[in-house]
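Working notes for the structure below.
The values are calculated or read from the model by the stated rules, or taken from the named source; none is laboratory data. All of these numbers come straight from a predicted model, not from anything done at the bench. Because the Cβ atoms are built from the backbone with ideal geometry, glycine has one as well, and the counts that use them run over all protein chains shown. Side chains are part of the model used for accessible areas, which takes the heavy atoms of the whole protein and leaves out ligands, DNA and RNA. Shrake-Rupley method; radii C 1.70, N 1.55, O 1.52, S 1.80 Å.
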Amino acid sequence: MLLLMMGNLIILPVGITFFRDENTASWIIFNVVSDTLFMVDLVLNFRTGIMKEDSTEILLDPRAIRQKYLKTWFLVDFLSSIPVDYIFLMVDSLDSEVYRTARALRIVRFTKILSLLRLLRLSRLIRYIHQWEEIFHMTYDLASAMVRIVNLIGMMLLLCHWDGCLQFLVPMLQDFPSDCWVSKNLMVNDTWGVQYSYALFKAMSHMLCIGYGAQAPEGMTDVWLTMLSMIVGATCYAMFIGHATALIQSLDSSRRQYQEKYKQVEQYMSFHKLPADLRQKIHEYYEHRFQGKMFDEENILGELSEPLKENIVSFNCRSLVANMPLFANADPNFVTAVLTKLRFEVFQPADFIIREGTVGRKMYFIQHGRVSVLTRGNKETKLSDGSYFGEICLLTRGRRTASVRADTYCRLYSLSVDSFNEVLEEHPMMRRAFETVAVDRLDRI
């Protein structure tokens, strides 16, 4: 049906406009097959299930399908399925005096235009294309964008094709007056290929250049046709620019959001006249923290169900779980409870993550990077991927017993004291594991 619809949208205007003998075998077969299949499709639509808009349930009750179809697209599909060519074929076979008189007076030529009702099937094609866009959008954003761009370009080319046929059809119905462009260019008796090429060039000159083209219209018919082409062309041009701009912006909205955010940061640094070295550190922080993309992760996760949220957090922290011995043998429920309460943080080289003597409100898990634990005796202990620190003061409710400095860019996850106590209340066995490690570290300090 899609191929047949596309064939009708392209071939039908050309056949009616440029071919004067409508009774060739190929033309009759094409029209009869089209009318037959369109009528069959019209009948089948009364028995075709409909996807409900508010759910994934499919409506299969014939009575409900019939009512919904009659209220929506039935009229358009019915008009586009009227078997006009069946009627003309039957009348032509009678070879009546009335038909021959009408043919001589070119009345048949005018009535043949009724076959263009099949072009209303464009609405059906647009409906199918909209379904494809939804399917592609659910799987591949880039594919969805490409489908929309191709659809837009295809629609513009189809309008150019129709406009080219109209540019020739109107003078032809007037029997080519002397002031029309066909007569002035001496193309009345040329082949249909030459006539169509010049008609298409004339239409595209109006539509794409948004002007009257290479030759100014003289006859009143040409003037109105030119104005119509210019209006359609200007509308298509505006739609193309608008859609293309929206598509480009939607292809990577997170990067665009990051760029907009960083422009505000730059203006903030400029307004406060921050020194160059501090500006460079802020720039490097943003590059390592967001890596060119920015998401409202808290809002996104907050809208999801708890199982989905847990699955996403577990996937995002999979490398942390894999590298951390604490999580390797722990209860999966404890691991999930901890992961859902973690907050991602980034520290630059030489940053003090923890300072000795301060009140501890967080503990940290190292996803990637290396830190140095500094004690009063200037003794350094190195910690890297999979390690954690800062739990001692959360257990003792005291002050920090050592300082921790970042040696490299560190990607850490922090756990607040309230979340820490909440998790350990639910899993008291894990409190003993933390206390054992804390006692060992205090002995070494």
### Task
For a label point 7 Å from the Cα of A322 along Cα→C-beta, name the residues of segment 358-390 whose backbone N is under 19 Å from it.
365-370, 384-388
#### Entry: Residue among V232, L159, L247 farthest towards the positive dipole end of segment 159-257, charges placed on Cβ
L247
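Taking a threshold of 32 Å on the Cα-Cα distance, which of the pairs K261/K382; K293/K362; K261/K309; K293/K341; K71/K202 fall above it? Could the numbers behind the result be given before it?
Numbers: K261/K382 35 Å; K293/K362 27 Å; K261/K309 26 Å; K293/K341 23 Å; K71/K202 40 Å.
The pairs that break the limit, which is 32 Å between Cα atoms, are K261/K382; K71/K202.
How big is D, in µm² s⁻¹, for the chain by Stokes-Einstein at 37 °C and 0.692 mPa s if Rh is the Kirkwood radius over C-alpha pairs?
Details: Rh = 29.4 Å.
This corresponds to a translational diffusion coefficient of 112 µm²/s.
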#### Entry: Rounded if a/c under 1.5, otherwise prolate or oblate - segment 245-305, Cα gyration tensor axes
prolate
### Message
I need the trypsin sites (Lys or Arg not before Pro) found in segment 381-445, filtered to DSSP loop residues with at most 13 other beta carbons within 10 Å of theirs.
### Response
R397
### Task
Would you mind finding the longest exposed-site-free stretch of the chain, with exposed GluC sites (Glu not before Pro) meaning DSSP loop and at most 12 other Cβ atoms within 10 Å?
58-302
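Suppose the chain between N299 and K263 were pulled fully straight at 0.36 nm per residue; how much longer would it get relative to their current alpha carbon spacing?
Working: separation 36, 0.36 × 36 = 12.96 nm, distance 2.25 nm.
That works out to 10.7 nm of additional length.
Work out how much length N333 to L60 would gain on full extension: take 0.36 nm times their residue separation and subtract the Cα-Cα distance, in nm to one decimal.
Details: separation 273, 0.36 × 273 = 98.28 nm, distance 4.37 nm.
Separation in residues times 0.36 nm, less the Cα-Cα distance, equals 93.9 nm.
Quick check: from the Cα gyration tensor, does segment 143-208 come out rounded (a/c under 1.5), prolate or oblate? Write down the numbers at each step before the final one.
Details: a/c = 3.38, a/b = 3.04, b/c = 1.11.
Since a/c reaches 1.5 and a/b is larger than b/c, the shape of segment 143-208 is classed as prolate.
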### Query
So, with +1 on the Cβ of K and R and -1 on the Cβ of D and E, and no other charges, what is the size of the charge dipole of segment 265-373 about its Cα centre, to the nearest 20 debye?
300
#### Entry: Span-rule helices in the chain, defined as complete DSSP H runs reaching 30 Å or more along the axis (Cα) with Kyte mean at least 0.5
141-173, 220-251
### Task
Using only the alpha carbon atoms of segment 348-408, find the Kirkwood hydrodynamic radius as the inverse mean reciprocal pair distance, in angstroms to one decimal.
11.6
### Distance histogram for segment 235-360 (every C-alpha pair counted, 10 angstrom bins, percent rounded to whole numbers)
9, 24, 29, 23, 10, 3, 1
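Pull out a ≥ b ≥ c, the square roots of the eigenvalues of the alpha-carbon gyration tensor of segment 314-436, then state rounded if a/c is under 1.5, prolate if not and a/b is larger than b/c, and oblate in the remaining case. Please list the in-between numbers first.
Details: a/c = 1.84, a/b = 1.27, b/c = 1.45.
Verdict is oblate for segment 314-436.
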### Message
Using a 7 Å offset from Cα along Cα-Cβ at F344, what residues in segment 280-294 end up with backbone N under 14 Å from the label point?
### Response
286-294
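Which value, in Å², gives the accessible area per residue of the chain when a 1.4 Å probe is used on the protein heavy atoms?
Result: 59 Å² of accessible area for each residue.
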